[in-house]
Amino acid sequence: MRWRIALLLALITTINYVDRAVFGIVAPVVRGTFSIDDASYGLITSGFLLAYGVGQLVSGPLIDRFGTRRAFGLAALLWSLSTMLHAFGRGVFSFLLLRISLGLTEAANFPAATKAVAEWFPARERATAVGIFMLGAGLGAIITPPLTVWTIKTIGWQWAFIIPGALGLVWAVLWQRWYYPPETHPTVSAEERALILADRTPGVVKTRWSTLLGDQAFWGLMAARVMSDFPFYFLLFWLPQYLIDARGFDLTALAVFVWMPWLFADLGAYAGGWLSSQLVQRGWSVNRSRKTVIWSGAVLFVAILPAFYVDSAGVALALICVGLFANQLKQAVLFTVPSDLYPAGSVATVWGVFGAVGSLGAAVLGYVAGQLIASSGYEPVFLGISTLHIVSAALLTLLIPNIRLQTH
């Protein structure tokens, strides 16, 4: 049953990322239709990320208070409606407001999914479970280009928002019918329930804010995360436009090729979670296994830099594939660390802050990127993002010398 839960989380994460990635594919059309320049587009993408960060701060404590089942279902309902309303966007201001509303509501996905993993999986399997639901991020980006281009060409760009929004509404109904905590799930076996609860303390354990704010590991998580989100979001929001501007792609070429890097992102997400869990099961400490994979991804991500300089569009796309593989290899494990350090009763709250600082950092850097692209082109952005994961891994290693596994 726990692996079915992981697949259900992967499904909604896929829908979540389709909802946010559609705008990047539709952008060349709506930017031309409504005269949206590079700086304004950067502002719109930053508006989403700023709202996403604030939304995670708010949603984390609410998920811990009201429970994963109710909070996650309501959030999916709200962000699906927000996605559908994008069909009525008519310019910079309206799209900025719509992206803000989407960011606020979509923010619950990762805190709620991570809390569900903490509720349903023993510690040795959590990185694998996180890797599985993170497959949705890449899968959403894989299916979005061909689905969106086909929709634009056949029934109009507005339906590119209406269709995934409707799928999210269906998922919200299924979630309410199928998800329960393992303690009360009507069909989980006694053996699986015992396995899941074996390393959890009785009752709901929560960590006080005073304890969190005085904990160096908490600040280590935040420092590592604030540097790590922008590379992914730059590629999610700007890659289609970059391929059009710098590599001569059109909408048809986007549909044929732009999904490829996101396939490698999915492979990286699964590989990171699987490898870290395998190392723990083979006797490595949680600290050593997590940091080994995090550093491997951080170093490998530097491959994104020569993607800007090579003459061949094919080689550039291949290097971007390597970069996104490395990005998700690292992030799948980094995203697991809050559930290692803190009990299930507090993990959504911690993850909410953790995700918020990443989104806020990405929002600031996204605005700067829009200004740089408008004035100097893409080169300074590629130079900047190539170093961010190494800085993130260094901060994690410095501020959290030992990732200590807590009882949940």
Protection proxy ranking of 325-334, 365-374, 150-159, 101-110 - average other beta-carbon atoms within 10 Å, highest first: 325-334, 101-110, 365-374, 150-159
Debye log10 I(q)/I(0) for segment 301-408, one point scatterer per Cα, at q = 0.15, 0.24 Å⁻¹: -0.78, -1.36
Accessible area (Å², per residue) of the chain, counting only protein heavy atoms and a probe of 1.4 Å: 36 Å²
Option label - semi-axes √(5λ) of the Cα gyration tensor in Å computed here, alternatives [x] 41, 22, 19; [y] 33, 24, 19; [z] 38, 23, 20: [y]
Accessible surface of segment 24-126 [probe 1.4 Å, protein heavy atoms]: carbon and sulfur percent: 71 percent
Calculated FRET efficiency for the pair Ser210/Val29, C-beta based, R₀ 45 Å, to 0.05: 0.35
Radius, Kirkwood style, for segment 217-322 when every pair of distinct Cα atoms is counted (Å): 15.6 Å
Square roots of five times the Cα gyration tensor eigenvalues for segment 262-325, Å: 29, 12, 6
Whole-number percent relative contact order across the chain, with pairs defined as alpha carbons under 8 Å at least 6 apart: 29 percent
Radius 10 Å from Cβ of Gly358, net charge of other residues (Lys, Arg +1; Asp, Glu -1): 0
Solution diffusion estimate, µm²/s, Stokes-Einstein, segment 93-215, Kirkwood Rh from C-alpha pairs, 37 °C, viscosity 0.692 mPa s: 183 µm²/s
Mean Cβ count within 10 Å, highest first, over the residues of peptides 8-20, 289-301, 305-317: 8-20, 289-301, 305-317
Cα-only radius of gyration and Dmax that characterise segment 354-408, units Å: 15.5, 51
Within the accessible area of segment 343-403 (1.4 Å probe), percent carbon and sulfur: 73 percent
Centroid-to-centroid separation of segment 361-408 and segment 35-89 [C-alpha atoms, Å]: 21 Å
Calculated [θ] (222 nm, deg cm²/dmol) that DSSP helices of n ≥ 4 give over the chain, each run adding -39,500 (n - 2.57): -26500 deg cm²/dmol
Three principal axis lengths of segment 169-267 [C-alpha, angstrom, descending]: 59, 41, 25
Under the Debye formula (equal points on every Cα, no solvent term), log10 I(q)/I(0) of segment 83-144 at q = 0.22, 0.25 Å⁻¹: -0.93, -1.02
Built amide H within the under 5 Å cut-off of Ile403, gap 5+: Asn287
Estimated Rh, segment 1-148: Kirkwood, alpha-carbon pairs, angstrom: 15.9 Å
Apportionment of accessible area to carbon and sulfur, segment 219-333, percent (1.4 Å): 70 percent
Cα principal axis extents for segment 321-361, largest first, Å: 37, 22, 10
Most to least packed among 79-91, 179-191 [average Cβ atoms within 10 Å]: 79-91, 179-191
Label-to-label distance, nm, for residues given as Ala374 and Ala194 (7 Å Cα→Cβ offset): 6.4 nm
Cα-based Rg and Dmax for segment 246-375, where Dmax is the largest Cα-Cα distance (Å): 17.4, 52
Gain on full stretching of the segment that runs from Gln176 to Ser312 - 0.36 nm per residue minus C-alpha separation: 44.1 nm
Principal axis dimensions, largest first and in whole angstrom, of segment 37-122 by Cα: 48, 21, 19
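The values are calculated or read from the model by the stated rules, or taken from the named source; none is laboratory data. If you're wondering where the values come from, they're calculated on a predicted model, not measured in any experiment. As a convention, Cβ positions derive from the backbone with ideal geometry for all residues, glycine included, and neighbour counts pool all protein chains shown. Quick note on the areas: whole protein, heavy atoms, side chains included, nothing else; ligands and nucleic acids left out. Shrake-Rupley method; radii C 1.70, N 1.55, O 1.52, S 1.80 Å.
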